[in-house]
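Notes follow the structure.
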Amino acid sequence: MEKIYLDYASATPVDPRVLEFAKRFLMKDMGNASSLHSAGLGTRKAIVEARTRIAELINAESENDIIFTSGATESNNLAIKGTAMRNTRKGKKVMASVIEHISVLNSMKELSKNGFEFGMLPVDSMGIIDLDQLKERLTDDTTVVSIMYANNEIGTIEPIKAAAKLIHEKGGFLHVDATAAAGKIPIDVQNEGIDLLTISSNDMYGPQGVGALYIKPGIKPQPFILGGGQERGFRSGTENLFGIAGMGEAARLAKEEMAEENGRLQKIRDQLIEQILEIENTNLTGHRTQRLPHHASFTFGRIEGESILLNMNQYNIQIATGSACTSRTLEASHVLLALGLKHEEAHGSMIISLGKSNSEEQIPHIVKAVRETIERLRAMSPL
């Protein structure tokens, strides 16, 4: 059977058009952007163009508000720790939703080791943040609140605009990790009141090893990588020209093709959800409709989920799971536990994230493989 890749939430292949556009910056047009000769000036122009494409994707005020980094993890660290450390005079309280990516949670925990008070914001059973709890827990001392745009494990999209309004009423800053959402659904940082936004190249068919951080005008995070002052001094170091150029082209393509691709993938997603839920003792995780158009996630009762990924791989189908086999710890997914699932339920999870290589013709093969996998594992399970 041909390979069916269903793990686009973990990594996307570089779009051939992106590679064709950016490969010249590996050898031919490879000057240092800090140089004043023609090669350097040409490189600088390419970086400015990439910045512009990303600014257009999220409706930033200016291309100057986009800072390039090595990826989403670095962007999250700079946004959270840099903004909190810069604004200690306002206060030393920070907050994040309980379902954030580990790079967000660990950045907050690091701050708590240095005199900050770190609070966790709960979510409901579908993964949506509790706005009433947010309002209650915000104080005049709260500096940074981090809420992801959409969760990569359950697909739920958060009420960012409503959260931003509450945070700004207390004079705080909202950081949004948009790794799972940017390039997938429309984002408007100005309309939604977002102060800092993390974007990943590799999650929208761009090269690995590059990301971006939107910083609203007037906000000045404390930098942690010091040197020659590149990226407005927020992130020094010679720019990853190939990665940046590729990310800019990926952003351009995403903006142009998003609406059509979303419609195509949502049809596949909905059919998969409908048919997989026909399997006995199967539940959808995340919000049924307020979710990413390419994302479907499930839990299966009476299964220890460590084998789901490996069994599906025998059908040459690559999926993800929130169980311990995909992490570096022995704990169940903190996201699924935050929804109120028991540990044994959280271990029996499967995540399907669709992309450009997927089609409606693959649906019967996927559903058949899932059904046979679940039946086989349940027959073997002591549960």
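Every number here is computed from the coordinates shown, using simple stated rules; none is lab data. Quantities reported herein were computed from a predicted structural model and do not represent experimental measurements. Cβ placement follows ideal geometry from the backbone for every residue including glycine, while neighbour counts extend to all protein chains displayed.
Summary of computed values
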| quantity | calculated |
| --- | --- |
| ALA162/MET380 FRET efficiency (R0 56 Å; Cβ-Cβ; nearest 0.05) | 0.75 |
| Entries in LYS109/LYS165; LYS216/LYS267; LYS184/LYS342; LYS3/LYS23; LYS45/LYS90; LYS45/LYS165 that, when Cα-Cα distance is taken, lie over 29 Å | LYS216/LYS267; LYS184/LYS342; LYS45/LYS90; LYS45/LYS165 |
| Charged-residue dipole, Cβ positions (Lys, Arg, Asp, Glu), segment 93-237 about Cα centre, Debye nearest 20 | 460 |
| Of ILE308, ILE319, VAL189, farthest towards positive along the dipole that unit charges on Lys, Arg, Asp, Glu beta carbons give the chain | VAL189 |
| Packing-based ranking, highest mean first, of 175-186, 13-24 given that Cβ atoms within 10 Å are counted | 175-186, 13-24 |
| Exposure proxy ranking, count of Cβ atoms within 10 Å, fewest first, for MET258, MET350, MET95, MET27 | MET27, MET258, MET95, MET350 |
| Stretchable slack from LYS45 to LEU131, in nm (0.36 nm times residue separation minus alpha-carbon distance) | 26.7 nm |
| At least 30 Å along the helix axis (C-alpha) and Kyte average at least -0.5, DSSP helices within the chain | 38-58, 241-276 |
| Sum of -39500 (n - 2.57) over DSSP H runs of 4+, divided by residues of the chain (222 nm, nearest 500) | -11000 deg cm²/dmol |
| Sequence ranges 143-150, 77-84, 270-277, ranked by mean other-Cβ count within 10 angstrom, highest first | 143-150, 77-84, 270-277 |
| Extended-chain gain in nm, criterion 0.36 nm per residue less alpha-carbon gap, SER112 and ARG371 | 88.7 nm |
| Cleavage-rule hits, GluC sites (Glu not before Pro), segment 52-100, DSSP coil, Cβ neighbours within 10 Å at most 14 | GLU61 |
| Inter-label distance for GLU361 and ILE102, nm, one decimal - labels placed 7 Å from Cα along Cα-to-Cβ | 3.9 |
| Estimated distance in nm for a label pair at ALA259 and GLU331, the labels positioned 7 Å out from Cα along Cα-to-Cβ | 4.3 |
| Summed side-chain charge close to ILE147 - residues other than ILE147 whose Cβ falls under 10 Å, Lys, Arg +1, Asp, Glu -1 | -3 |
| Theoretical gain in end-to-end length, GLU2 to ILE225 [0.36 nm per residue, Cα-Cα removed] | 75.8 nm |
